[in-house]
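Working notes, beginning with the structure itself.
The values are calculated or read from the model by the stated rules, or taken from the named source; none is laboratory data. The structure displayed is predicted, hence computed values, not measured ones. Here Cβ is always computed from backbone atoms with ideal geometry, including for glycine, and neighbour counts include all displayed protein chains.
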Amino acid sequence: MGVLDGKVAIVTGAGRGIGREIALHMAGEGAAVVVNDLGGAADGSGASPVADEVAKEIEGAGGRAAASRDSVATVEGGRAIFQTALDAFGAADILVNNAGILRDRTLFKMEEEDWDVVMAVHLKGHYCCTRPFAQYVRESKRRGCRILNFSSVSGLFGNFGQSNYGAAKGGIAAFSRVLALELAKYGCTVNTISPGAATRLTLPLAEGRGETVDVEDPTRGPAQIAPVCTWLASPAAQEITGQIINVMRGTVGIMQQPAVIKSFSNDHLWTLEELDQVIPALAEAKAEHDARVTEAGEPEPIG
């Protein structure tokens, strides 16, 4: 018996890396899986049948799978991906929005196409795939559904040379917060993953920093993300929604989200002299808060 027996999962970007590991893990826990992947290069160009290969791998292990090569970046593609689940398995319970590409450049060198295509695959891609799934949840009254969206520390913290990717990933975190509120009454949870793993997208970045990554290390590879996603998709996670879960280097953590740390009130328009006092005090409070959070967020060993 698997924790996802009887469930149908849609995993985008599942032909390689993190998405592939999620598809395999969920299938191993009993889910029928729509393996979606256009099969393009890291920059989004081209196409290949990697989705078919992963679907065959799942079926070869005794699972159920259907391949989809549709693009997440169009409304038509998102509908087609969702329809694949209905055609193949008659239902849908889990949506994992994992598909992604990179076009890394500083803003000085970034062309409009570099901005647009990253936004299309990441931020618009989440919209295109999520809308038909969310409509289905509402109209079918199917309970216990799950949406897992993928953000990144590049958007949550910031990263040099990734203004397009960071903006998209920050937008995904905001999208997820709103969607968790909108789908709560239908019993559908919405959570965000902030992953860190050695994949074809991230390895060149690590190498550029002069870092040597052991891809066989289970705390560095994409497989570490999969069991967390499976757990969040399982019945055990019914009360967990609207959260950002960080998974990287063998750690699992929960991330803080926007909140007012300290504030001052006034009964008149702020004067510049008053702001000379207030803004530095706010900055100091923020620094103290960050120090406390950094200390509290240090990993605790299990077992």
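Figures for the structure shown
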read-out	value
Unique match (being in the same structural domain as Gly15 (by TED's automatic domain parsing), surrounded by 17 or more Cβ atoms within 10 Å (Cβ to Cβ) and not hydroxyl-bearing (Ser, Thr, Tyr)) among Leu107, Leu156	Leu156
Residue tally, condition in contact with a strand residue (DSSP E or B) (Cβ under 9 Å, 6 or more places away or on another chain) and not in a loop (DSSP other than H, G, I, E, B), over region 268-302	0
Some residue of region 28-46 being part of a helix (DSSP H, G or I), small (Gly, Ala, Ser) and within 16 Å of Asn97 (Cβ to Cβ)	no
Considering residues of region 8-34 that are on the phi > 0 side of the Ramachandran plot and under 17 Å from the mean Cα position of the chain (by Cα) only, the residue surrounded by the fewest Cβ atoms within 10 Å (Cβ to Cβ)	Gly17
Failed item in (1) farther than 29 Å from Gln238 by Cα; (2) surrounded by fewer than 18 Cβ atoms within 10 Å (Cβ to Cβ); (3) in contact with a helix residue (DSSP H, G or I) (Cβ under 6 Å, 6 or more places away or on another chain), with Pro49 passing the rest	(3)
Number of the exception - Met1 against (1) over 28 Å from Ala173 (Cβ atoms); (2) modelled with pLDDT of 95 or more	(2)
Matching residues, region 71-105, being of a type in the set (Asp, Glu) and either at pLDDT below 95 or in a helix (DSSP H, G or I) (or both)	Glu76, Asp87, Asp104
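Residue by residue, here is whether (1) under 15 Å from the mean Cα position of the chain (by Cα); (2) exposed (fewer than 13 other Cβ atoms within 10 Å of the Cβ) holds:
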| position | (1), (2) |
| --- | --- |
| Ala226 | yes, no |
| Val278 | no, no |
| Ala281 | no, yes |
| His289 | no, no |
